[in-house]
Amino acid sequence: MLALSNNYNFMRQILFPLMFLSLFCFAQEADSLVAQQLKKTDSAAVSHRKELNTKDIDDVVITGTIKPVSKSKSPVAVEIYSQKFFQKNPTPNIFEAISMVNGVQPQLNCSVCNTGDIHINGLEGPYTMILIDGMPIVSSLSTVYGLSGIPNSLIDRVEVVKGPASSIYGSEAMGGVINIITKNALTAPQLSIDVMTTSWSENNLDLATKFNLGKNTASLLSLNYFNFTKRFDENNDNFTDGALQNRISVFNKWNFRRKENRQASFALRYLYEDRFGGEMQWNKSYRGSEEVYGESIYTNRFEAFGIYQLPFKENIMTQFSYNFHDQNSFYGHSSYLAKQKTAFIQTYWDKKIRNHDFIVGLTYKKTFYDDNTPGTLSSDGLNNEPMNSPIFGAFIQDQWEINEKNTLLLGYRFDYDKIHHSVHSPRFAWKLSPNPFHTLRFNFGTGFRVVNLFTEDHAALTGSRQVIIQSDLQPERSVNGNLNYMWKIPAGNQLINLDASAFYTYFSNKIVGDFDSDPEKIIYDNLNGYGISKGVSLNADFTLNFPLSINLGITYLDVYQKFDDERQKSQQLHAPKWSGTYSLTYKFNNNLTVDFTGQLYGPMRLPVLDNDYRPEYSPWYSLANIQVSKSFRSGFEVYCGIKNLFNFTPKDPIIRPFDPFDNQINDPINNPNRYTFDTTYGFAPMQRIRGFLGIKYNLK
């Protein structure tokens, strides 16, 4: 065993980096051979190769550097996913759809109400900054309670940055950024309808229409309604297998066509959701009682955001957002009542001087937050003290195109608030691209995050464990690095795209819930040591000469903490070492398409007690889906398929449902192992195999 351990450490610390470097060197040599071969061919072949270049690598991205830039020139690795990509496995919201992205894991934090957050490269949800049209309006409360309310019908594309982005988007972008870019009203279809239902009676309606006010103004009005109110208990534990949801989202966006293509847009969105999970006999008369256990969550949310380019010769942009979030929740007899208001404004100047592209900006963010938990009590515990502190920020970034092959990005951000005072966030990125087929990128940055415990960690609210805050929780600090290599391989008329990344995050302080020391408590404290999150990922996509396209991804994670220079024996909760994604699409000549998609997860550690009958690690499993769709010239499209094709669900029961109010915690006869009710163990949905059917219509 010792020899195996030593070999594993050698492979992880020595061979993996060498393999990564060898891949780059091999790719360079292979491309050199390709170039030599091309010299022997005629000019038509060379022209064809150039067509491949421009066709595949010139997507415009925004998230990496805050301004539109072609993907091939961005020094920051940005992954782009169109709405069509997510339509391969139709889902009602972005929280479920984003699981198709390799290295991005939607994590269910509660097996009863099915709320969750989004992990990037093994880092928990609060380290992921989620933007809508570049605005940081998804945070704190909405990190857990608002993600399922973002319908896919709003999305034009999604841009994902894995790794540090603090110098532009603020210090909380420690793990990465997901930027949801909504449709442009000027180019949106005149009318679009999408109706879908499943054999579990999950009904989703997306309806959008656009209208023009003259030649230069267009407005997009979108409605999403999701209804799932049928109760299922196929594992016979007397708890709902899926959280019931009744949700409506209304979205209105205005886009304006201005002189010299100056930008201007404004959007409003309202979300209401009534969510329930719990015992099958629960009804609203039991809300907050100790008779029948239920988790009932009412969410009211309003958002406003926009961008305006000032009418000057210089390129000066102003972005603004406001959101109001009202949370009314009961977890059994425990209430969680919270309100949050966040206002944000950012102005930046984009100036190009020779081969330097400067961005200089100022930001102001003010957050009001109040709830009925100890998180907003005064230090003496006697008075309520809502959080109400502004944060001022300034940032500067220089993207220096040294030559055709090398681009350097240097960034620095300064934030100040009255509690934590000065926060410094430097950023460094370098891109080496010897030719259009090879690109090597390196990113480095720091992170700083103030923990909002009860808004971000669902485990602190649900179940029956007592929450212990061991000491005054200090801000989390991190150092992040990311190495990315992209190789485009000509293969006939197509390109094979390989995208490999290695990432490393060092936490000098990290707030992690201790589920192991005491089975009846969750203990939160500053980390006495340091935390590490590192790993590698690989994406590969290609289209064969016949109409089959394949997209494969795999990620390896090593997430752990060290106390007094001794590594924690067990891996981090809910962080599988291995995970992957797969997507296969075959298109027939008659506009018939078959999509086979899914995710693969390796064993992840779960919170168990001594003498627990539930295993400490989940098994290997895959959640697979298949869809058949047919499009017509009239604008109609019909699609149907099967979700959870392999019919995987966790072995039951997973939540110890026999005593949800822990009335028998000290009963040596009925509960000799002192089991407590626990909702945090779940690692996969309880919904079994089910069919779906839908129809779309687009009038352009």
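Among the residues of this structure, ASN671 counts as one that is farther than 29 Å from THR197 by Cα and crowded, with 17+ Cβ neighbours inside 10 Å. Checked against (1) touching a residue at least 12 places away in the same chain (Cβ under 8 Å); (2) small (Gly, Ala, Ser); (3) touching an Asp or Glu at 6+ places or on another chain (Cβ under 9 Å), SER334 meets all criteria but (3). Evaluate the following for LEU592: is it among the aliphatic types (A, V, I, L, M) and either surrounded by fewer than 15 Cβ atoms within 10 Å (Cβ to Cβ) or not assigned by TED's automatic domain parsing to the domain that holds ARG688 (or both)? The answer is yes for LEU592.
Here's the yes/no breakdown for (1) assigned to a loop (DSSP other than H, G, I, E, B); (2) among the aromatic types (Phe, Trp, Tyr):
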position: LEU186; (1), (2): yes, no
position: ILE193; (1), (2): no, no
position: PHE211; (1), (2): no, yes
position: LEU221; (1), (2): no, no
position: PHE232; (1), (2): yes, yes
position: PHE266; (1), (2): no, yes
position: TYR270; (1), (2): no, yes
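Residue count for the stretch 282-320, restricted to those that are under 30 Å from ILE353 (Cβ atoms) and of a type in the set (S, T, N, Q): 4.
For TYR681, state whether it is under 30 Å from the mean Cα position of the chain (by Cα) and not basic (Lys, Arg).
Values: under 30 Å from the mean Cα position of the chain (by Cα): yes; not basic (Lys, Arg): yes.
Spelling it out, TYR681 is indeed under 30 Å from the mean Cα position of the chain (by Cα) and not basic (Lys, Arg).
If the condition is being modelled with pLDDT of 80 or more, among the aliphatic types (A, V, I, L, M) and touching a Phe, Trp or Tyr at 6+ places or on another chain (Cβ under 9 Å), then the stretch 116-149 contributes ILE118, ILE120, MET129, LEU131, ILE132, MET135.
Just to be sure I understand, how many residues within the stretch 199-218 are under 19 Å from TYR697 (Cα atoms) and surrounded by 15 or more Cβ atoms within 10 Å (Cβ to Cβ)?
8
Going through the stretch 155-214 one residue at a time, which ones are among the hydroxyl-bearing types (Ser, Thr, Tyr) and at pLDDT below 90? Talk me through it step by step, then tell me what you get.
Let us first name the residues in the stretch 155-214 that are among the hydroxyl-bearing types (Ser, Thr, Tyr), namely 166-167, 169, 171, 182, 187, 192, 197-199, 201, 209.
SER166, SER167, TYR169, SER171 - these are the residues of the stretch 155-214 that are among the hydroxyl-bearing types (Ser, Thr, Tyr) and at pLDDT below 90.
Please pick out the residue among ASN246, ASN300, ASN315, ASN261 that is modelled with pLDDT under 95, surrounded by fewer than 20 Cβ atoms within 10 Å (Cβ to Cβ) and closer than 26 Å to ASN203 by Cα. Before the answer, list the steps.
Working: ASN246 fails: modelled with pLDDT under 95; ASN315 fails: closer than 26 Å to ASN203 by Cα; ASN261 fails: closer than 26 Å to ASN203 by Cα.
Only one candidate qualifies: ASN300.
Each row is one residue, and each column tells you yes or no for (1) modelled with pLDDT of 90 or more; (2) farther than 19 Å from GLU314 by Cβ; (3) touching a strand residue (DSSP E or B) at 6+ places or on another chain (Cβ under 6 Å).
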{"residue": "PHE358", "(1), (2), (3)": "yes, no, yes"}
{"residue": "PRO374", "(1), (2), (3)": "no, yes, no"}
{"residue": "LEU377", "(1), (2), (3)": "no, yes, no"}
{"residue": "ASN384", "(1), (2), (3)": "no, yes, no"}
{"residue": "PHE392", "(1), (2), (3)": "yes, yes, yes"}
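Beta carbons closer than 8 Å, at least 6 apart along the sequence or on distinct chains, never pair a first residue in the stretch 303-315 that is closer than 16 Å to LYS259 by Cα with a second that is of a type in the set (Asp, Glu) and surrounded by fewer than 17 Cβ atoms within 10 Å (Cβ to Cβ).
The values are calculated or read from the model by the stated rules, or taken from the named source; none is laboratory data. Just so it is clear, the structure is predicted and the values come from calculations on it, not from any experiment. Glycine gets a Cβ as well: all are built from the backbone with ideal geometry, and neighbour counts include every protein chain shown.
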